[in-house]
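Notes follow once the structure below has been shown.
Readers should treat all values here as calculations from the given coordinates under stated rules, not as data from a laboratory. Only a predicted model underlies this, so the values are computations on that prediction, with no experimental measurement involved. We place every Cβ from the backbone using ideal geometry, glycine too, and count neighbours over all the protein chains shown.
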């Protein structure tokens, strides 16, 4: 399977076979982490990490990934680039992407809500880079999607449920109250990829906390294609019934962006804190089919989830976090392999 | 040719034979980019990049260069160093440079107009580092010169005109209007190195936009030494006549520094925008001898040059940008090769 | 000797035999710096450098160290991590340390006075990371201790006095006036490790500039265990009598933290500048037994020490600075060696 040169902005853009190939390679890379099997995959090659938003975890895992493949990832903050915008002079993305393609074997981009003036602009920026770059562009999380997280989630489920055991299992994607005003990217990616792999999906949240309607339509379609159900619940307790996997995480209200297009974090947090019943507890977990607990981290303990669950025997959060490393190595290896 | 330990603050400080040796090695490094021929040149060695001014492009190309030679370039911002100045306590440059020489195999420095209080202070700082460092000091662009850019320019001309075809060709170094208040370093380096390689030089700009008189004297001398002409024009159209290479780029007015020694960017941009006729257009390019278009990037499209020229068939801007990588690898290899 | 997995927050936590093993390896790594003997010790492995306080020198030496061992050190600034505090939501150190242990083979932490609200909180933070991390945690200087500096100091004394010549030699740890309001970590570590290696110790400072009483008690005990003396002097001249090693450096007054727990640097500097007689001069050095001069750098020349001493024949400051690289490589190699 030849994925050389392929961009990755959302797992939905890739075929199931392609995603499975990445996950199989990720599993092998986990086993062979310190052998020399993959030691020269990015030998002396460079991956650019463009952080419009800073992130310690994503930076750590991508930079480790490049190092372990024999290459190097550069931590770049575009705020010191003068890019052309509607209002200011500067370099066009076409020029920037063309030149970067002469230096690097791949480009990662992270751009979240607070760096754009409306939902979807991060996606547009990533698409523009992908249009002009002659090397693969990989989302390191943008306002709509987070494909590397989605792949790490599935790898965790393969590890803990068994590779062929996802079909028909129920994912509970449940909103958590809290004070971090979080992006839609991880939860949207989770429902998209889990439904691709044959899980049925319950999305639960307080009234009004809807996600991107186009994404939800796609999740429904994925479920239907696999003969599975997609359900919405507004009950923070009964939604746990019969879940096999519980993924409890805060996300922003669709009106988080103000009239000026600016994200109002303070107001958003105040609103989110009005729903303390939306926390994942041991009691609620007893309603499930001994569900796994997962989360993309960082976990907001005491808000999104109780310590007893997050640190409990069924929590797979550290394994999923580790999987970020493995899937990112696999993505790099498959998309950035150059003829030597 | 032994260049080990040699500093590079301006191409004028090096002999023509030395510059040619760098360019020949850069060409070979381009051909052998992913072979193992140069894989151990900086094996496990470190190059320090000191960015008094941030720069995405220069950082990308230097860090890639070190990686591709088997070493590593550290991105350092001296603002977290307490260096001694006239006004404040701190470490002397002597101490800093001596210690850095114990760790690294070379030091790059970037310091532009807005980090100094008068033109020439960046050059002084680079010279101080060079005096005390026991490893090569390489300018990554300072207020006066930009030797790596100059070498990348010539490599581009070798590639597109032919290595032995520069003598007698006409370089048009033409001011561009725009809103970026740019340094003199690239354009001064360009005229110095092009005249060394036997080109004749036309410098064109609105009245008053003079460059460093000492540099211009040297360019004249270089031209005379090669039996070529140096001409100044204040006509934004006729200056294109008979050019073989057009290099259109904004630069600051000599009075950009205010009475307080501070660079006044806003006033400088306002002044520069008064000359909209100083843009490189397809019409003007028709007056040339089918000239190449070059620029050190980032290009301020619509101000310095029309899209049709910057993206046209005779534009070599991406190749020249790529050459930054190759010449920087060659400079590192020749100046920092340690006995193993 | 198996030190795999061992944390290093203070040399006092390690046995003398362990410290000697590190120093012997550091000496061999200095000799074999560019041979391939240690080229794969951290092959493709990652060390995380967590800089709560920025530092150019410490970052340079740690990042070089990892590169020279075949690995890579990531420069991380936790200010972009949302860590849980008493006042704010965020990730727990347990979660952060657990995940980092999945990516990296070791974690370095630097946290000095101005990033904590009371002396000792930096130590607590390091201990918390050490408790939860499954990889070694190395102090890159925190408010109480600076073990890598202490080891570099001893390596310098081995080099200039002879490995078996430290016992009975006199260290003068003398306060220097100046304007940098410096941490206690280096000087406390110096007295702890020098007394471990059998030196007698004179601590000299103006009345009131006491250090951590618990640390001083330990230094006294170390001296007593070796049959050596610990003396305190408040005379900036006679304290030099019979010294074999002079280590002159500023440190903060114990009342530097204000009522609000904030470090008041301006007031601290004003106080320190009232003692101009506390400078290390050539005249004073004549009272010693031809003492070596040492300092962890950056040196505040003209305040802590005269140029003639800092740049004199008996100054070992650059060698000690270089030793930071060697001891850090040795520490990494011994604590982070993974089974391959």
Exercise. List the distances, in nm to one decimal, from the label point of residue C:225 to the label points of the same position in every other copy, shortest first, placing each label point 7 Å from Cα along the Cα-to-Cβ direction.
Key: 6.8, 6.8
Exercise. Report, as an integer, the average count of C-beta atoms from other chains found within 10 Å of each Cβ along A:43-49.
Key: 5
Quiz item: By count of other Cβ within 10 Å, fewest leading, how are B:315, C:35 ordered?
Solution: C:35, B:315
Quiz item: Pick from C:207, C:127, C:27: which is most flexible by mean-square fluctuation in a GNM of chain C where alpha carbon atoms under 10 Å apart are linked?
Solution: C:207
Quiz item: Taking square-rooted eigenvalues a ≥ b ≥ c of the alpha carbon gyration tensor, is region C:213-274 rounded, prolate or oblate, where a/c under 1.5 means rounded and, failing that, a/b exceeding b/c means prolate?
Solution: oblate
Quiz item: Got the residue A:259 label distances to the other copies yet, label 7 Å along Cα→Cβ, in nm, shortest first?
Solution: 4.5, 4.5
Practice problem: Starting from a label point 7 Å past Cα on the Cβ side, list the distances from residue A:32 to the same position in the other copies, nm, shortest first. | Solution: 2.9, 2.9
Self-check item: Three-way shape call for the protein assembly as shown based on the alpha-carbon gyration tensor, with the a/c threshold at 1.5
Solution: oblate
Exercise. Over the whole of B:168-180, what's the average partner chain Cβ count within 10 Å per residue? Rounded to a whole number, please.
Key: 1
Quiz item: For chain A, what relative contact order do you get, as a whole percent, if you take Cα pairs closer than 8 Å and at least 6 residues apart?
Solution: 21
Quiz item: Relative to the first principal axis of the alpha-carbon coordinates of chain B, what is the inclination of helix B:93-103, with its axis defined by its Cα atoms, in degrees from 0 to 90 and to the nearest 10?
Solution: 70
Self-check item: Helical contribution to [θ] at 222 nm, DSSP H n ≥ 4, -39,500 (n - 2.57), averaged over chain A, rounded to 500
Solution: -11500 deg cm²/dmol
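Could you please rank A:319, C:242, C:164, A:153, placing first whichever residue has the fewest other Cβ atoms within 10 Å of its Cβ? Mind showing how you got there, number by number?
Numbers: A:319 16, C:242 13, C:164 8, A:153 29.
The order, fewest Cβ neighbours first, is C:164, C:242, A:319, A:153.
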Self-check item: Exercise: per-residue mean of other protein chain Cβ atoms within 10 Å, C:316-326
Solution: 3
Quiz item: Taking only Cα atoms, what is the 0 to 90° angle, nearest 10, from helix C:16-31's long axis to the longest principal axis of chain C?
Solution: 80
Practice problem: Mind jotting down the distance between the C-alpha centroids of region A:6-74 and region B:10-54, whole Å? | Solution: 29
Quiz item: Which shape class applies to chain B: rounded if a/c is under 1.5, otherwise prolate when a/b exceeds b/c and oblate if not, where a ≥ b ≥ c are the square roots of the Cα gyration tensor eigenvalues?
Solution: oblate
Quiz item: If each residue's Cβ is checked for other Cβ atoms within 10 Å, how do B:38, B:129 rank with the fewest at the top?
Solution: B:38, B:129
Exercise. Please tell me the relative contact order of region B:149-319 in percent, rounded to the nearest whole number, where contacts are Cα pairs under 8 Å and at least six residues apart.
Key: 28
Quiz item: Which residue, C:60, C:134, C:274, has the most motion in a Gaussian network model of chain C that connects Cα atoms within less than 10 Å?
Solution: C:274
Quiz item: Of B:135, B:219, B:309, which is the most mobile in a GNM of chain B whose springs link Cα atoms less than 10 angstrom apart?
Solution: B:309
Quiz prompt | Crossing angle, helix C:185-196 versus chain C [Cα axis fit, 0-90 degrees, rounded to tens] | solution = 80
